[in-house]
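Colleague: Below you'll find the structure I mean.
The values are calculated or read from the model by the stated rules, or taken from the named source; none is laboratory data. On a predicted model such as this, the values are computed, not experimentally measured, just so you know. Here the Cβ is made from the backbone with ideal geometry for all residues, glycine too, and neighbour counts use every protein chain on show. Side chains included, ligands, DNA and RNA excluded: accessible areas come from the protein's heavy atoms. Shrake-Rupley method; radii C 1.70, N 1.55, O 1.52, S 1.80 Å.
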Amino acid sequence: FALDEQYLPPSYNFIKGQSFNLGVHGEKVRNFKLATIPHLNINNILTLENQFVTFEKNMRFGIIGNKFLRNYKLPSDWSTLQILLERYEAKVHSPEKRFDFYPRFIDDKIIVGSILLNSQAYKQGLRLNDEIVTINNLNFKEDSYSKYCQYLESRTQWEQIELTVQKEDKQLEFIFKKREVMKLLEREE
């Protein structure tokens, strides 16, 4: 889920992050906050517990992402112009785990496309738009798109990433472990 920042209760803990987007109309750095909402009710029809929600300034419409929809069939009623959510299997999910950053393929390079600002990756010097040279022995200097696809296929099984980043005239090496998102949440001062 993604909502406007005005809907983030001031008492909730959150993680700050940045994301780099490139599109037809140019490029943009997005600042966002990630929080867990303990109880979310949508139109008194659907109630969700412990839902991760991204909050961003000036977001006119809320967004429901594909990850949320994986537990639902989406039958459509075109006579009433409605899309229905029909839960088809109750899945027990382990706590969400992720790395502190996410790479993106842009202009034939792999870059740091988003990063959590209070994460270990950020504290160790990784920054938005840093060029990634290798991730776990996948070298992106040649055939970068094919290697990026290999990364996308493999990343869910990895618990640790060894990363080489090009910063100006030197290469820096990092090792990051996948961590539970809930453990990253800290009260922003």
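Colleague: Starting from the 7 Å offset along Cα-to-Cβ, what nm value, one decimal, do you get for the label separation of LYS177 and SER154?
Modeller: 2.1 nm
Colleague: Now for a separate question. On a 0 to 90° scale, report how tilted helix 144-154 is relative to the longest principal axis of the chain, with both axes built from alpha carbons and the result rounded to the nearest 10.
Modeller: Taking the Cα atoms of the chain, the angle to 144-154 is about 50 degrees.
Colleague: Measuring from label point to label point, each 7 Å out along Cα→Cβ, what is the LEU138 to GLN82 span in nm?
Modeller: Each label point lies 7 Å from its Cα, and together they span 4.2 nm.
Colleague: Hey, another quick one. Which residue fluctuates most in the GNM of the chain (Cα springs below 10 Å): SER79, SER19, SER114?
Modeller: SER79
Colleague: If you build a Gaussian network model of the chain, linking Cα atoms that sit under 10 Å apart, which residue out of ASP108, ASP77, ASP130 swings the most?
Modeller: Fluctuation is largest for ASP77.
Colleague: In a solvent-free Debye calculation with one equal scatterer on each Cα, what is log10 I(q)/I(0) for the chain at q = 0.09, 0.10, 0.12, 0.18 Å⁻¹, listed in the order of the q values?
Modeller: -0.40, -0.50, -0.71, -1.34
Colleague: Hey, what did the chain get for relative contact order, percent, Cα under 8 Å, at least 6 apart?
Modeller: Once divided by the residue count of the chain, the mean separation gives 21 percent.
Colleague: Would you mind telling me which residue in ILE110, ILE15, ILE83 has the biggest mean-square fluctuation in a Gaussian network model of the chain, where springs connect alpha carbons within a distance under 10 angstrom?
Modeller: Fluctuation is largest for ILE83.
Colleague: Between ASN129 and GLU168, what is 0.36 nm times their sequence separation minus the Cα-Cα distance? Round to one decimal in nm.
Modeller: 12.8 nm
Colleague: On to the next question. Using only the Cα atoms of segment 1-58, what are the Rg and Dmax in Å?
Modeller: 13.4, 39
Colleague: Leaving out ligands, DNA and RNA, what percent of the accessible area of the chain is carbon and sulfur, probe 1.4 Å?
Modeller: Carbon and sulfur atoms account for 48 percent of the accessible area of the chain.
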